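A short write-up of the structure that comes next.
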Amino acid sequence: MHRLVAMILLFSGFAVAQQKPASTGMVMTLDVDLAYETFGVANSATPVIVANGGPGLSHVYMLQNDVWTRLGQHRQIVFYDQRGTGKSKRVSADAAVGMDAQVADMEAVRAKFGFTKFDLVGDSYGGLLAMAYAAAHPEHVAKLILSDSAAPAWKDIVQVLPDVFPDVLEQIAASEKNAAAGDDAADRGIRNHFRMLFYSEENRDAYLAGAKDLGATPKVGAAVQKATRALDLTAELPKFNFPTMVITGRYDMNVAPLTAWNIYKAIPGAKFVVFEKSGHLPSYEEPDKYVKVVDAFLSEP
């Protein structure tokens with residue numbers, strides 16, 4: 001896979017049948033129609049909005065197991081496709097793709113549901129989006145979870161894939177050079193990238209066998225990465241005064257644990273949780289622990 005694409009494909013998931021949402025719908029704005037789906041039902045618990053990884057992926061990759069269905073037993077959880085991905089394909093021709101636009105989209109989703117406060121989960125690249133939203137709208141964030149998150153600046157992501165998988169990267173580069181352009185090539189590229197994201201070969205093979213469509217839109221991902229290349233939220237992290245938990249897989253080669261450690265150290269009072277038998281995908285590789293850890297954090301008064 002091309003190095004640029006490899007750098008921006010930051011995501012996680014699980015390889016079983018996608019779970020049925022409680023509801024689906026669209027948030028319509030001038031620039032984009034944002035597709036969403038929910039798990040669980042509204043109750044007295046603080047609701048959750050999830051920012052998925054990529055950029056350039058739909059949120060479907062996160063719904064390949066029952067982790068979020070289980071977490072939704074106690075609260076309402078909202079997923080949405082970021083502009084230009086998944087079912088959020090209606091985007092104005094002159095619409096921006098940078099972080100301000102991405103934050104505005106999340107704010108539109110929040111307003112649609114009328115959440116005064118919500119818990120925010122950012123997965124991989126979605127962690128960068130979550131940090132940007134939290135910096136812009138701290139009044140709406142009750143708690144923040146950053147799961148194998150990108151760094152607050154692209155340049156600060158510690159990625160060791162080239163050091164650990166030089167043979168795989170060479171194979172990917174050769175296959176991509178000979179591949180035809182189009183959706184098949186995009187899907188093939190992501191699947192190749194997934195080969196390097198797991199602690200367990202068994203988990204890797206199960207995921208690749210079960211995940212039929214990862215919802216990749218590489219052109220969108222590249223445009224977002226380009227538009228946010230100079231973004232640096234490092235100075236914002238010490239200002240976060242809401243409970244924050246930083247999660248990392250011990251063997252995450254895509255976003256090495258040092259990235260998570262630096263984020264944890266920058267946010268006052270943050271918690272740091274390591275999944276010892278996971279790569280970039282702890283919600284897949286250690287789902288029971290993931291549910292337990294996330295549910296406990298979200299349930300704290």
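Key figures
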| item | result |
| --- | --- |
| Count of the stretch 85-103 residues which are closer than 24 Å to residue 229 by Cα, open to solvent by 10 Å² or more (accessible area, probe 1.4 Å) and either in a loop (DSSP other than H, G, I, E, B) or in contact (Cβ under 8 Å) with a residue 40 or more places away in the chain (or both) | 12 |
| Residue in the stretch 59-72 that is assigned to a strand (DSSP E or B) and within 19 Å of residue 282 (Cα to Cα) present | no |
| Residues satisfying the stated conditions in the stretch 107-165, i.e. of a type in the set (D, E, K, R) and surrounded by 17 or more Cβ atoms within 10 Å (Cβ to Cβ) | 110, 112, 119, 123, 143, 148 |
| The stretch 63-84: number of residues that are modelled with pLDDT of 95 or more, open to solvent by less than 50 Å² (accessible area, probe 1.4 Å) and over 15 Å from residue 50 (Cα atoms) | 1 |
| From 72, 98, 114, residue being more than 22 Å from residue 194 (Cα to Cα) and touching a Phe, Trp or Tyr at 6+ places or on another chain (Cβ under 6 Å) | 72 |
| Neighbours by Cβ (under 8 Å, 6+ apart or cross-chain): first from the stretch 217-246, modelled with pLDDT of 95 or more; second open to solvent by 70 Å² or more (accessible area, probe 1.4 Å) and among the aliphatic types (A, V, I, L, M) | none |
| Residue 111, sole failed condition from (1) in a helix (DSSP H, G or I); (2) of a type in the set (A, V, I, L, M, F, W, C); (3) under 22 Å from residue 278 (Cβ atoms); (4) at pLDDT 95 or above | (3) |
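One line per residue, one yes/no per condition, for (1) surrounded by fewer than 16 Cβ atoms within 10 Å (Cβ to Cβ); (2) farther than 24 Å from residue 77 by Cβ; (3) among the aliphatic types (A, V, I, L, M); (4) touching a Pro at 6+ places or on another chain (Cβ under 9 Å):
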residue: 257; (1), (2), (3), (4): no, yes, no, no
residue: 260; (1), (2), (3), (4): no, no, yes, no
residue: 266; (1), (2), (3), (4): no, yes, yes, yes
residue: 285; (1), (2), (3), (4): no, no, no, no
residue: 289; (1), (2), (3), (4): no, no, no, yes
residue: 297; (1), (2), (3), (4): no, no, no, yes
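The values are calculated or read from the model by the stated rules, or taken from the named source; none is laboratory data. Here the structure is a predicted model, which is why all the values come from computation and not from measurement. With ideal geometry, Cβ positions are generated from the backbone for all residues, glycine too; neighbour counts draw on all protein chains shown. These area figures cover heavy atoms from the full protein model, side chains too; ligands, DNA and RNA do not enter into them. Shrake-Rupley method; radii C 1.70, N 1.55, O 1.52, S 1.80 Å.
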